[in-house]
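Have a look at the structure below before the remarks.
The values are calculated or read from the model by the stated rules, or taken from the named source; none is laboratory data. What you see is a predicted model; the values in this text were computed from it and never measured. Note: ideal-geometry Cβ built from the backbone for every residue, glycine included; neighbour counts use all protein chains shown. When the accessible area is computed, the model is the full protein with side chains, heavy atoms only, and any ligands, DNA or RNA have been set aside. Shrake-Rupley method; radii C 1.70, N 1.55, O 1.52, S 1.80 Å.
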Number of protein chains: 2
Amino acid sequence: MTQPAPRPNLAISAYRQLKRDIIRGVYAPGEKLLMSRLKARYDLGVGPVREALSQLVGEHLVTAVSQRGYRVAAMSEQELNDIYDARAHLEGLMLELAIARGGDEWEADILAKLHTLAKVVEVHNADEMLDVWDARHKAFHHAIVAGCQSPHLLRVRESLFDQAERYRHLWLCETVFSEAALEAKRREHAALVDAILARDSERACERMREHLMTPVPIIREALVARGIV
Amino acid sequence: MTQPAPRPNLAISAYRQLKRDIIRGVYAPGEKLLMSRLKARYDLGVGPVREALSQLVGEHLVTAVSQRGYRVAAMSEQELNDIYDARAHLEGLMLELAIARGGDEWEADILAKLHTLAKVVEVHNADEMLDVWDARHKAFHHAIVAGCQSPHLLRVRESLFDQAERYRHLWLCETVFSEAALEAKRREHAALVDAILARDSERACERMREHLMTPVPIIREALVARGIV
DNA sequence: GAATAAAAAAATATCTACATTTTTTTATTA
DNA sequence: TAATAAAAAAATGTAGATATTTTTTTATTC
């Protein structure tokens, strides 16, 4: 049924690599993205690179000034606060809708993803640990909000998520390798799922908003420690 | 203080024209956007056109399939419902935050924009009437949600707005030229502002959600009438 | 003869290399 | 030092070459 994914063109792979590198912090916030450097790094012509940059401008990960090229979007404590605040409120809203609209398989899917997340232990390699935990954590949160059944709200959430990714990455590094932090997260998730399954909208949304805001102070410190702000 | 707007390059003006044409319905939903036609229509080379299309893909107004070019994003009754539902809930949330966070000048600005909107009468030309009323109507609604003071929520709202524009344009044509419809809108706006100034969050949000959903049946009919769905 | 499959042709999308314009840097002069 | 001019670097744009998809034509099978 599904179309066999067409072989991506160079612009698409340039887009993926560039986005990944920006999120991972390969380029510093505000850094100028020289066409010549990008061409060399990804071994592509200017066309594909330019198209990739155009799309990233649309996602606000890159800024452009006509005739003066492109830069990685800046990071700031102010933006950190605003993104996380916006996300917390948006996901609170989506959870409220999900509790009103979600059915049995919605609940079941949340439990399934919670279980999978709790089982991330057998991994040894540090990088792999980070990737696996992050992927499952994302899947868990996605399962919760997916219950709102609105493709457009889900899309809007994803765009906020993408913009938060650079900040989230700092938090992940602090969290994934601390057993205490992971345990705290486990407890928050359990309490959240508890309220959701009880269909207690008020309590669930409050816990969701709190849960989403906990990384902020940690990230703020990491930003300072790395001299980003 | 403000930078003198740099002269836009061809990609930027291609982007603006293309976006405008898509919103205004120059291209049918789902229509293939031939590179050769676009080049001819806007009198540009492939480079700038491709960059503009890439950005529109990021805004979900255009879809792309690798090696098979670009198409105008489809329109459907389902999407109409979802966009308006998502917007109603999002703007309800933003209004709630605005009532909690907005100060005196927020209230004053809403009143100012309401007044300006009420004064759209001296225009005779039909097209100009539509443009002026729409611009002031937008300004009014923007003034309301701006009180939430979150740049990211405002940006997310704008992206939903852009995606709704094609549907909104159908509604505008039905509304702006009907004195009865305009009068109904005037009353809804007055009731909304009333609840906002009373800082009655619950009532204001309810009225906002209702107000934002009223166009849906009208647009649905217009979609059918024009054979779009 | 109708339906299917294979091959060729046309249309289209994509990419690169080069030319042009603009901005930034460096050097020069008052 | 400030202003100007020259040089270098960078961004932008165009045209043509290449690769892919779609359509048309031709051949084959039932």
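Tell me which lysines have Cα within less than 21 Å of B:Lys39's Cα, excluding those fewer than 8 residues away on the same chain?
Answer for B:Lys39, where 21 Å is the Cα cut-off: B:Lys19, listed by chain and number.
Exactly which trypsin sites (Lys or Arg not before Pro) in segment B:34-115 are in a DSSP loop and have at most 12 other Cβ atoms within 10 Å? Walk me through the intermediate numbers first.
On the way: sites: B:Arg37, B:Lys39, B:Arg41, B:Arg50, B:Arg68, B:Arg71, B:Arg87, B:Arg101, B:Lys113; in loops: B:Arg68.
The qualifying sites are B:Arg68.
What number, rounded to the nearest 500 deg cm²/dmol, is the helix-based mean residue ellipticity at 222 nm of chain B, given -39500 (n - 2.57) per DSSP H run of at least four residues and division by all its residues? If you can, show how the numbers build up before the last one.
Details: 10 runs with 165 residues, N = 229.
For chain B, the value works out to -24000 deg cm²/dmol.
So, R0 is 60 Å and r is the distance between the beta-carbons of B:Glu221 and A:Arg186; what FRET efficiency does that work out to, to 0.05? Spell out each step's value before the answer.
Numbers: r = 52 Å, r/R0 = 0.86.
My answer for the efficiency is 0.70.
Would you compute the Debye intensity of segment A:77-225 from its alpha-carbon atoms alone, equal scatterers and no solvent, and pass along log10 I(q)/I(0) at q = 0.12, 0.14 Å⁻¹ to two decimals?
For segment A:77-225, the Cα-only Debye profile gives -0.48, -0.67.
Could you give log10 I(q)/I(0) at q = 0.13 Å⁻¹ for the protein assembly as shown, computed by the Debye formula over C-alpha point scatterers of equal weight, without solvent?
Cα-only, vacuum Debye calculation for the protein assembly as shown: -1.45.
Give the accessible area for B:Thr214 in Å² (nearest 10); use a 1.4 Å probe, count only protein heavy atoms, and leave out ligands, DNA and RNA.
Here the residue's solvent-accessible area equals roughly 50 Å².
When the accessible area of the protein assembly as shown is split by element with a 1.4 Å probe, what percent falls to carbon and sulfur? Each step should come with its number before you reach the end.
On the way: 11800 of 22320 Å².
Of all accessible area on the protein assembly as shown, carbon and sulfur atoms account for 53 percent.
Note down the magnitude of the dipole of segment B:10-72 about its Cα centre, charges +1 on Lys and Arg C-beta and -1 on Asp and Glu C-beta and zero elsewhere, to the nearest 20 debye. Before the final figure, lay out the partial values.
Values: 11 positive and 5 negative charges, 26 e Å.
Value, rounded to 20: 120 debye.
Could you list the square roots of 5 times each eigenvalue of the Cα gyration tensor of segment B:65-125, that is, the equivalent ellipsoid semi-axes, sorted largest first and rounded to whole Å? Could you put the intermediate results ahead of the total?
Numbers: eigenvalues 246, 96, 30 Å².
Its equivalent ellipsoid spans semi-axes of 35, 22, 12 Å.
Would you mind computing, in nm to one decimal, how far apart the modelled labels at B:Asp43 and A:Val120 are, each placed 7 Å from Cα along Cα→Cβ?
Placing both labels 7 Å beyond Cα along the Cβ direction yields 5.6 nm.
Can you compute 3J(HN,Hα) from phi for each residue in segment B:111-121, using the Karplus curve 6.51 cos²θ - 1.76 cosθ + 1.60 with θ = phi - 60°, rounded to whole Hz and x for Gly and Pro?
The phi angles translate into 4, 4, 5, 5, 4, 4, 5, 5, 8, 7, 9 Hz.
Please list, by residue number, every one of the trypsin sites (Lys or Arg not before Pro) in segment A:137-229 that is coil in DSSP and has at most 13 other beta-carbon atoms within 10 Å. List each step's numbers first, then the result.
Details: sites: A:Lys138, A:Arg155, A:Arg157, A:Arg166, A:Arg168, A:Lys185, A:Arg186, A:Arg187, A:Arg199, A:Arg203, A:Arg207, A:Arg209, A:Arg220, A:Arg226; in loops: A:Arg199, A:Arg226.
Here the trypsin sites (Lys or Arg not before Pro) that fit, given the DSSP loop and packing criteria, are A:Arg199, A:Arg226.
Residues of segment A:137-158 that become at least 30 Å² less accessible with every protein chain present than in their own chain isolated, using 1.4 Å: which are they?
Buried by the other chains: A:His152, A:Leu153, A:Arg155, A:Val156.
Measure of size requested: the Rg and Dmax of segment A:10-72, with Cα atoms as the atom set and Å as the unit; please supply both.
10.2, 27
Suppose we keep just the alpha-carbon trace of segment B:1-152; what are its Rg and Dmax in angstrom?
19.3, 54
Suppose a student asked you for the relative contact order of chain B, using Cα pairs under 8 Å spaced at least 6 residues apart; what percent would you report?
Values: 224 pairs, mean separation 55.7, N = 229.
Relative contact order here is 24 percent.
Kindly state, as a whole number, the per residue volume in cubic angstrom of the convex hull around the alpha carbon atoms of segment A:143-229.
Normalising the Cα hull of segment A:143-229 by residue number yields 103 Å³.
Provide the per residue accessible area, probe 1.4 Å, for chain A, rounded to a whole number of square angstrom.
On the way: 11150 Å² over 229 residues.
On a per-residue basis, chain A sits at 49 Å².
Report the one residue of B:Ala108, B:Ile22, A:Ala181 whose Cα lies farthest in the direction of the positive end of the charge dipole of the protein assembly as shown (charges on C-beta: Lys and Arg +1, Asp and Glu -1; origin at the Cα centre).
Ranked along the dipole, the leading option is B:Ile22.
Please enumerate, by chain and number, the lysines with C-alpha under 17 Å from the C-alpha of B:Lys185, excluding those fewer than 8 residues away in the same chain.
Candidates past the 8-residue exclusion: B:Lys113, B:Lys119, B:Lys138.
Compute, for segment B:77-225, the length of the dipole vector about the Cα centre, with Cβ point charges of +1 (Lys, Arg) and -1 (Asp, Glu) only. Units Debye, rounded to 20. Please report the intermediate quantities before stating the final value.
Details: 18 positive and 28 negative charges, 47 e Å.
The dipole magnitude comes to about 220 debye.
If one computes the Cα centroid of segment A:158-229 and of segment B:144-223, what distance in Å separates the two points?
Answer, in whole Å: 33.
Mind checking how much accessible area B and A bury in total, 1.4 Å probe, in Å² rounded to 100?
On the way: alone 12660 and 12640 Å², together 22320 Å².
The summed interface area works out to 3000 Å².
Measuring from the axis that superposes chain A on chain B, report the chain A residue with the minimal C-beta distance, rounded to whole Å.
Per the A/B rotation axis, the closest residue of A reads A:Gly58, 1.
Taking a label point 7 Å out from Cα toward Cβ, give me the nm distances from A:Glu158 to the same spot in the other copies, shortest first, one decimal.
Result, one decimal in nm: 2.2.
Between copies, how far apart are the B:Ala184 label points? List them in nm, one decimal, shortest first, with each point 7 Å from Cα toward Cβ, please?
So the distances to the same position in the other copies read 5.4 nm.
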